[in-house]
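For reference, the structure discussed in these notes is given below.
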Amino acid sequence: MSGLVIRRLVLEKSLYLLNTPADQKAMLDKIGVGSIGELFKSIPSEFRLDRPLDIPPALTEIELQQHFAELCNRNRSADNAVCFLGGGSYDHFIPAAVDAISGRSEYYTAYTPYQAEASQGSLQAFFEYQTLICQLTDMAVSNASLYEGGSAVAESVLMAFGIHPKKHKVLVADTVHPEYRLTLTTYLANLDVQIETLTTTGGTVSPEALDKAIDDKTLCVIVQHPNFFGCLEDVEKLSAVSRAKGALFIVSVDPISLGLLKRPGQYGADIAVGEGQGLGNPMAYGGPYVGLMACREEYVRKIPGRLVGQTTDRNGKRCWVLTLQTREQHIRREKATSNICTNQGLFALRAAVYLTALGPQGLKETADLCVRKSHYLAQELAKVKGVSLPFKAPFFKEFVVNVPGDANAALSALLEEGYHGGLPMARWYPNLPNAISIAVTEKRTKAEIEGLVNAVKKVLG
Amino acid sequence: MTMFNHQSTDLLFEMSHSGRRCHLLPACDVPIGDASTLLPKEALADAPPPLPEVAEIDLIRHFVNLSKRNMSIDTNFYPLGSCTMKYNPKRHERLAALGGMANLHPLQSDASAQGMLRMLFEMQQFLAEISGLPAMSLQPSAGAQGELTALLVAAAYFRDKGQKRTRVLIPDSAHGTNPASAAIAGFDTVSIKSGSNGLVDLADLKSKLDDKTAVFMITNPNTLGLFESQIHEIAKAVHDVGGLVYLDGANMNAILGITRPGDFGADMMHYNVHKTFTGPHGAGGPGSGPIGVRDYLAPYLPAPVVVRKDGEYRLDYDRPKAIGRVRSFFGNVGILLRGYAYIRTLGAKGLRDVTEHAVLNANYLLALLKGEYEVPHGDRCMHEFVASARGIKREKRITAMDIGKRLLDYGYHAPTVYFPLVVSEALMMEPTETESKETLDAFADALIKIKNEDANYLHDAPHTLTISRPDEIKAAKEPILRWKQQG
């Protein structure tokens, strides 16, 4: 009993520690020192901090919860303003099964599955994830995920460079997410690769413009489909133009769109990447998300990131292991295909549960609802005086409108009305000063959509 | 074992049964035709992707039964060296799931995210205070991306100063991400030897430093669990040739509130929030790898950073010298949030206690084992130490791998094996502060028993898990990376 009492006293002072004063004494005796302080003798005294860290006082769980409630009160989440924001992060529905499984601490408190025997649960889940992403994209090989959509684009170009080390020109459409393009530029800043941006008009890349820009030195062509404006690119023609010049065709996809749209493997993509946030992951102010990457069979030894493979154990039983690790940094060091050291394990698991929960029909119906609801909103907004749709290209769940006057002012006013109404395009495209992109997911109801239309009328009126 | 449900752990694709559903969508409530009337036919696939079709109970039983085939911190002691597998408090999960945090869009206006921005601003401040480096970027998604970001910052800084510095120097005991990150950042790498005492060989370092040196990357405490006691001379030597010192912060759990990288000479560093500040590892991610730098490097940090003016918080994108960005959106906010909650829960004293008990536990485990296992680098360590099975291998043909695998039978996760590369048959152990003396006693007993077991029995270990010794050569030779329909 007394041991328990003492342990509680210690816990009250220092949460998450277990050693009581009696334990500490026994341990120090065994080590052969008189105090914990003696264990730090190897740190030169001139570098020891001689004051407490300037960190606010400790909070109990009750106080912490209250503190977070205050922080939340100063946020306007999608729970209390209807969310029509997109640009790479979307308010899709998350089935409860996803949270139930990812809330299993056998998954979320495990480490990278280096010890295969003690990690078969995660390894099999990642093998299933890889298969699901192959099915989703119609590509031959998927890795076990990357960080998120932006660095996935950068990694795909590093990968392309590994496939064709003598080619140095990268063509990227200006309809690719501006933050993905900036990530790409940043990653490649000190490497011998030149990035050329394909400028577009009308919201999509024209295959003729690509044909003019591409040459024999072109390493790869990167497009996003649907693109940052929501428009569908002519991926079949763009892929064909790329292939004709021997450039790798890299496409960044919205996985939800693949419930309806042709899949990257069906139009000859060499590498498919994408942001997997929509696959059962909360928007969470930007992360963690999960980066998708899949490629053709012949590039399997060039793909970055973790790969799980099937094998048998010493008794002949089917099982799973991390494989092809000779590509990776802990073996190859500076010659590795990437510096990436993790996948987004828990979020790959969530994506696997999500895709399985939806199944082919559920994914198709989700995509169909996105298309119909976004088109209904576009149609209704186009009737509002002063509002126009600048792009004629077909779109999936996101589209651009022009409003009269300052887009930011309109958006602030819409928030007052209870709507996260869209994203101001001028932030990334100074040539679109009055443009707003609006995203509509399967969650938005007719009442919410018509509510936004009425709010727009009021705000602009 | 008999409780395992083998049917539910077939692959999802083998369980698929055409027509089963687990998620239904509402009927379309807007008056408009379906997608085939709204989109061009040539953009549409003939059929949706061939995903498996299962009912909700199939899905749940499958993944719940699979979860039982994992070891995890919540089920087992996990003394994985260099990984800081400490307990992940449950309160963090609930806070991260609050709608007022989880349902914020990354591009919503600053005015509508003041609570979030305040939390992130304070996190920048806490990490700056703990590191002694004043400027932070919370953007990097993981430690490896933090390294890359910092090296890109260094490259931009030297370019701005008109200096052509092409080399990054890295100790041979470093994590493999260090040289891999340096290569992507465009640098040549030079390996620095470790001395027989396990510390950086200062003479070797000095002989390789010159005006081409951009950065020296050091892990301190290093991967052997030793504090680089010559850090002052090391930093001075690097600074004397105009280079920068980068600290790989993987081992910050050993020095919280005791000493600060900025005080002992580091100019840049990354944190692993998922290690030191207990973000759950998630079977391989997500992590979060914020970086801290000195003032003169701050202009090059990726945008945005959170700033405060007149009590209002906002994201500052107006940073003309910034390297750009290394990912979309702000960063792995969900992991940063957990780290913030942890720091707020512990306070200054609590953080220092973490380190003191992490170091106490590691030294106690070392003391329990040192008569039984060779520990090449001395009787004292920081938060972790590296034992070697080389003697046991020579005498009894028992390898570090055998020992690690057999530990699984005893209900313990294996230590990190065969790393760092500078110790043969390495068994790298980091108990962390969230374990009790009883756990360490029992773990040490298991290790001592194992080395006296029959070698052949150990070669076939583990004996009690669902599988044993997967054929990794076969996996790599003819890779099967996805399920495929038979026939």
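Filtering region A:203-232 down to residues that are in a helix (DSSP H, G or I) and acidic (D, E), which residue is surrounded by the most Cβ atoms within 10 Å (Cβ to Cβ)? Break it down into steps so the answer makes sense when it comes.
Of region A:203-232, the ones in a helix (DSSP H, G or I) are A:207-213.
Among the residues that remain, those that are also acidic (D, E) are: A:208, A:211.
Values: A:E208: 10, A:D211: 15.
So, considering only residues that are in a helix (DSSP H, G or I) and acidic (D, E), the one surrounded by the most Cβ atoms within 10 Å (Cβ to Cβ) is A:D211.
Please go through region B:295-318 and give me each residue that is crowded, with 16+ Cβ neighbours inside 10 Å and in a loop (DSSP other than H, G, I, E, B), ordered by number.
Those that are crowded, with 16+ Cβ neighbours inside 10 Å and in a loop (DSSP other than H, G, I, E, B): B:L301, B:P302, B:A303, B:P304.
Hey, could you check region A:233-268 for residues that are assigned to a loop (DSSP other than H, G, I, E, B) and over 20 Å from the mean Cα position of the chain (by Cα) and say which is farthest from the other protein chains (Cβ to nearest Cβ)? Lay out the reasoning, then the answer.
Keep residues of region A:233-268 that are assigned to a loop (DSSP other than H, G, I, E, B), which gives A:233-234, A:245-247, A:254, A:260, A:262-263, A:268.
Keeping just the survivors that are over 20 Å from the mean Cα position of the chain (by Cα) gives A:233-234, A:245-247, A:260, A:262, A:268.
On the way: A:E233: 9, A:D234: 9, A:K245: 23, A:G246: 25, A:A247: 22, A:L260: 5, A:K262: 5, A:G268: 14 Å.
The extreme case among them is A:G246.
Kindly provide the set of residues from region A:118-127 that are assigned to a helix (DSSP H, G or I) and either free of Cβ contacts under 8 Å to residues at least 60 places away in the same chain or out of contact with any Lys or Arg (no Cβ under 9 Å at 6 or more places or on another chain) (or both), ordered by number. Quick ask: steps written out before the conclusion?
Of all residues in region A:118-127, those assigned to a helix (DSSP H, G or I) come to A:118, A:120-127.
Hits for region A:118-127 are A:A118, A:G121, A:A125.
Being crowded, with 18+ Cβ neighbours inside 10 Å, more than 7 Å from chain B (Cβ to nearest Cβ) and either out of contact with any helix residue (DSSP H, G or I) (no Cβ under 9 Å at 6 or more places or on another chain) or more than 21 Å from B:E435 (Cβ to Cβ) (or both) is the filter here, so list the residues in region A:20-47 that pass it.
If the condition is that a residue be crowded, with 18+ Cβ neighbours inside 10 Å, more than 7 Å from chain B (Cβ to nearest Cβ) and either out of contact with any helix residue (DSSP H, G or I) (no Cβ under 9 Å at 6 or more places or on another chain) or more than 21 Å from B:E435 (Cβ to Cβ) (or both), then no residue fits.
Limited to region A:19-41, what total is found for residues that are in contact with a Lys or Arg (Cβ under 7 Å, 6 or more places away or on another chain) and either within 12 Å of B:I258 (Cβ to Cβ) or modelled with pLDDT under 95 (or both)?
Residues meeting the conditions: 3.
Looking only at region A:266-317, which residues are aromatic (F, W, Y) and touching a residue at least 60 places away in the same chain (Cβ under 8 Å)?
We begin by selecting, within region A:266-317, every residue aromatic (F, W, Y); these are A:267, A:285, A:289, A:299.
Hits for region A:266-317 are A:Y289, A:Y299.
For A:Y285, indicate whether it is more than 7 Å from chain B (Cβ to nearest Cβ) and among the hydroxyl-bearing types (S, T, Y). Before you say what the answer is, go through the steps one by one.
Working: more than 7 Å from chain B (Cβ to nearest Cβ): no; among the hydroxyl-bearing types (S, T, Y): yes.
No.
Scan A:A78, A:A140 and give me the residue that is surrounded by fewer than 24 Cβ atoms within 10 Å (Cβ to Cβ), facing chain B (nearest Cβ under 7 Å) and under 26 Å from A:Y180 (Cβ atoms).
When all the criteria are applied, what remains is A:A78.
Does region B:80-103 include one or more residues that are out of contact with any Leu (no Cβ under 8 Å at 6 or more places or on another chain), more than 22 Å from B:T434 (Cβ to Cβ), crowded, with 20+ Cβ neighbours inside 10 Å and at the interface with chain A (Cβ under 7 Å from one of its Cβ atoms)?
Yes, region B:80-103 contains a residue that is out of contact with any Leu (no Cβ under 8 Å at 6 or more places or on another chain), more than 22 Å from B:T434 (Cβ to Cβ), crowded, with 20+ Cβ neighbours inside 10 Å and at the interface with chain A (Cβ under 7 Å from one of its Cβ atoms).
Based on this model, can you work out whether B:T177 counts as within 9 Å of chain A (Cβ to nearest Cβ), under 21 Å from the mean Cα position of the chain (by Cα), farther than 27 Å from B:F121 by Cβ and β-branched (V, I, T)?
Details: within 9 Å of chain A (Cβ to nearest Cβ): yes; under 21 Å from the mean Cα position of the chain (by Cα): yes; farther than 27 Å from B:F121 by Cβ: yes; β-branched (V, I, T): yes.
Criteria met by B:T177.
Would you mind stating whether B:E433 is away from every other protein chain (no Cβ under 11 Å), crowded, with 22+ Cβ neighbours inside 10 Å and closer than 30 Å to B:F126 by Cα? Give the steps one after another, and end with the answer.
On the way: away from every other protein chain (no Cβ under 11 Å): no; crowded, with 22+ Cβ neighbours inside 10 Å: yes; closer than 30 Å to B:F126 by Cα: yes.
Answer is no for this residue.
Are there any pairs with C-beta distances below 7 angstrom linking a residue in region A:55-78 that is more than 24 Å from B:P106 (Cβ to Cβ) to a residue that is of a type in the set (F, W, Y), with the two at least 6 apart or on different chains, and if so which?
As it stands, the answer is A:I55/B:F126, since those pairs meet every condition given.
I'd like to check something: does region B:396-416 contain any residue that is at pLDDT below 95, touching a strand residue (DSSP E or B) at 6+ places or on another chain (Cβ under 6 Å) and not assigned by TED's automatic domain parsing to the domain that holds B:S191? It would help to see each step written out before you state the result.
Taking region B:396-416 and keeping what is at pLDDT below 95, we get none.
Within region B:396-416, not a single residue is at pLDDT below 95, touching a strand residue (DSSP E or B) at 6+ places or on another chain (Cβ under 6 Å) and not assigned by TED's automatic domain parsing to the domain that holds B:S191.
Considering region B:454-472 alone, what residues qualify as being of a type outside the set (G, A, S) and surrounded by fewer than 16 Cβ atoms within 10 Å (Cβ to Cβ)?
Start the filter on region B:454-472 by keeping residues that are of a type outside the set (G, A, S), which leaves B:454, B:456-460, B:462-467, B:469-472.
Result: B:D454, B:N456, B:Y457, B:D460, B:H463, B:T464, B:D471, B:E472.
The values are calculated or read from the model by the stated rules, or taken from the named source; none is laboratory data. Bear in mind that the values here come from a model prediction, so they are computed numbers and not experimental data. Counting neighbours? That spans all protein chains shown, and the Cβs are built from the backbone with ideal geometry, glycine included.
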